[in-house]
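Q: What follows is a structure written as structure tokens; I'll ask about it next.
The values are calculated or read from the model by the stated rules, or taken from the named source; none is laboratory data. Keep in mind that this is a model prediction, so the values were computed, not measured. Glycine gets a Cβ as well: all are built from the backbone with ideal geometry, and neighbour counts include every protein chain shown.
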Amino acid sequence: MKLKSLQDLFVEELRDLYNAEKQLVKALPRMAKAASSDELREGFEEHLEQTKEQVNRIEQICEQLGVKPTGKKCIAMEGLVEEGKELIEEDAEAPVLDAGLIAAAQKVEHYEMAGYGSVRTWAEQLGLDEAVELLQTTLDEEKETDQKLTQLAEQMINQQAQQAENWEEEEKGNGRRKNGKAKPKTNRNGRRR
């Protein structure tokens, strides 16, 4: 597609975001399954529902413009999803994996915030008031998700990941921490049994 105008660029970026969100709809269940923290798993599940709504909003905007949202592959999201998949396949302690999953999810959120910020600004410039409102809603959700992930990381997950290293050192030989409590048993996905 030749980009002759700001509207052409707007539509092209919407298609990119649409494909990105569709890829994320497939990736989020895998991330939720890999998370050992209940809070993180619930966060991924909640964001999955939001992402489905975000897909609907893009479809709604494209319908208003009389264009199809399909036809573009988001290479950036493909790479981010692949990085997340590689992380899940790593041999990692459960809390360490959770910390990595948060980092992977925040990379996605930051990419989406950049994309939605641009298309929202272009929609404003083009006088597409309804699209501005829909895109702002999505942008606000992405920012909120990023903030929740930061809070979860700083208040809980990163500390647990740091403690995992201490557990590993302390457990050599007896399977117990210094305080006498056994390290929580986990299944192959890193979830506590």
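Q: Pull up the stretch 64-76, narrow it to residues that are at pLDDT 95 or above and either charged (D, E, K, R) or over 26 Å from Val132 (Cβ atoms) (or both), then point me to the one that is nearest to the chain's Cα centre (by Cα).
A: Among those residues, the one meeting the criterion is Ile75.
Q: Which condition number does Gly79 fail, the rest of (1) crowded, with 19+ Cβ neighbours inside 10 Å; (2) among the small types (Gly, Ala, Ser); (3) at pLDDT 95 or above being met?
A: Looking at each condition in turn, Gly79 falls short on (1).
Q: While we're looking at this one, here's another question. Given the criteria touching a residue at least 60 places away in the same chain (Cβ under 8 Å), touching a helix residue (DSSP H, G or I) at 6+ places or on another chain (Cβ under 6 Å), of a type in the set (S, T, N, Q) and in a helix (DSSP H, G or I), does Gln23 qualify? Step through it out loud before you land on a result.
A: Values: touching a residue at least 60 places away in the same chain (Cβ under 8 Å): no; touching a helix residue (DSSP H, G or I) at 6+ places or on another chain (Cβ under 6 Å): yes; of a type in the set (S, T, N, Q): yes; in a helix (DSSP H, G or I): yes.
No; evaluated as a whole, the condition is false for this residue.
Q: Here is a follow-up. If I go through the stretch 122-136 residue by residue, how many of them are in contact (Cβ under 8 Å) with a residue 24 or more places away in the chain, loosely packed, with under 15 Cβ neighbours inside 10 Å and either among the β-branched types (Val, Ile, Thr) or under 14 Å from Arg57 (Cα atoms) (or both)? Steps first, please.
A: Going through the stretch 122-136, the residues in contact (Cβ under 8 Å) with a residue 24 or more places away in the chain turn out to be 122-123, 125-126, 128, 130-131, 134-135.
Add one more test, that the residue is loosely packed, with under 15 Cβ neighbours inside 10 Å, and what stays is 125, 130.
Adding the requirement that they be either among the β-branched types (Val, Ile, Thr) or under 14 Å from Arg57 (Cα atoms) (or both) leaves 130.
Final tally of qualifying residues: 1.
Q: Taking the stretch 20-70, which residues are in contact with a Gly (Cβ under 9 Å, 6 or more places away or on another chain) and under 19 Å from Leu97 (Cβ atoms)? First the steps, then the outcome.
A: From the stretch 20-70, those in contact with a Gly (Cβ under 9 Å, 6 or more places away or on another chain) are 20, 27, 30-32, 34-37; that's our starting set.
Answer for the stretch 20-70, where residues must be in contact with a Gly (Cβ under 9 Å, 6 or more places away or on another chain) and under 19 Å from Leu97 (Cβ atoms): Ala27, Arg30, Met31, Ala32, Ala34, Ala35, Ser36, Ser37.
Q: Next up: Confirm whether Ala99 is in contact (Cβ under 8 Å) with a residue 40 or more places away in the chain and farther than 30 Å from Glu130 by Cβ.
A: Numbers: in contact (Cβ under 8 Å) with a residue 40 or more places away in the chain: yes; farther than 30 Å from Glu130 by Cβ: yes.
Yes.
Q: Would you call Arg41 surrounded by 17 or more Cβ atoms within 10 Å (Cβ to Cβ) and without any contact (Cβ under 8 Å) to a residue 12 or more places away in the chain? Lay out the reasoning, then the answer.
A: Details: surrounded by 17 or more Cβ atoms within 10 Å (Cβ to Cβ): yes; without any contact (Cβ under 8 Å) to a residue 12 or more places away in the chain: yes.
Spelling it out, Arg41 is indeed surrounded by 17 or more Cβ atoms within 10 Å (Cβ to Cβ) and without any contact (Cβ under 8 Å) to a residue 12 or more places away in the chain.
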